[in-house]
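We did not get these values from a lab; they are worked out from the coordinates using the rules stated. Since we're looking at a predicted model, the values are computed, not measured. Glycine gets a Cβ as well: all are built from the backbone with ideal geometry, and neighbour counts include every protein chain shown.
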Amino acid sequence: MGQYEEAISRSFNESNNSLDVLVGDQTTPPVEYFLTQEINSVTINGTSGARTRDITLVAGHGFLIGEFIEIYSEEDLGGGVLFKRFAQLRVVATAATSITVGQYIGFDLDPANVLFSIRTTGDLSVDGSVTSQMFSMGPPNGFKWDLTRTIGQMILTSQPDDALFGNISALTNGVFFGFENDITQDYLVNIFSNAGFRATAYDVNYAVRSGGGGDWGLTYRKSFAGPDKYGVAIRLDGLTNDKFVVYIQDNLTSITEFGIKIMGHIVED
């Protein structure tokens, strides 16, 4: 993981005495994670092989179904080479000293190699009206990520429209997005209603419930990179603890489910 190749072509532009650099080909592992909020640290208490789904933990881990375990591991392969892996895995079953996750672990999990393992939640349908609630995601130290888009998803018990936030009244304080690290903060847009998602992301979709049953849904997509998109890829550097963040400042507990993903690719590990 982390190996990437980039082929570029260059041409000299005599009119402005500069070089045009065009990316011809690039391959690198993708990034696709939910923004989450840390609940507590957990201790992995046994090995798990790659392509397995069970993780042994110390009792008292507290996991609930639907939460995530996030793990960062560094395995020393010798010769100064570290095999670095970060995983965000959704919990689908729990026991006193173990959990089962919904997809395979992509590497041999050894407690001796784990630098951190934490219990998190990715459900943004929380009450932030008294104390704002922050959800975030960023690369571990030693990694750099380029973000190219975010995607939000909601499950709702009644029909949404542009004047609502999800299916509840427009917000008083808003949900706002931005970037934080150990040194600086930079905040982008504050959303008060579904129309706000449409204004900043445009790609907003209302899903009707099937056959008159089930729930409604809302999704949106905001892309950063590309000539017809919003700016360029956004670089997050683990060395300075860069994070993409969202703050909830109102009571969203009436929304059945609200999650936001970031997507992009690894540029350095």
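Considering only G196, G259, G213, the Gaussian network model of the chain with Cα springs below 10 Å gives its largest mean-square fluctuation to G213. Over the chain, the hull volume per residue, using the convex hull of the C-alpha atoms, is 181 Å³.
Got a sec? How would H61, H265 order by Cβ neighbour count within 10 Å, fewest to most?
Values: H61 23, H265 19.
With the fewest neighbours first, H61, H265 line up as H265, H61.
In what sequence do V92, V130 fall when counting other Cβ within 10 Å, fewest first?
Values: V92 13, V130 8.
Taking fewest neighbouring Cβ atoms as first place, the list is V130, V92.
Distance between the C-alpha centres of region 211-261 and region 60-134: 20 Å, rounded to the whole angstrom.
Listed from fewest to most Cβ neighbours within 10 Å, the set K144, K243 follows the order K144, K243. Taking packing as the residue-averaged number of other Cβ atoms within 10 angstrom, the listed peptides 154-164, 176-186 run from highest to lowest as 154-164, 176-186.
Projected label points at Q185 and V114, each 7 Å from Cα along the beta carbon direction, are separated by 3.2 nanometres. Globularity index of region 37-121 is 1.04 (Cα radius of gyration / 2.2 N^0.38 Å, N = number of residues).
Hey, what number do you get for the chain at 222 nm if only DSSP H runs of n ≥ 4 count, each worth -39500 (n - 2.57), divided across all residues, to the nearest 500? The per-residue figure over the chain is -1000 deg cm²/dmol.
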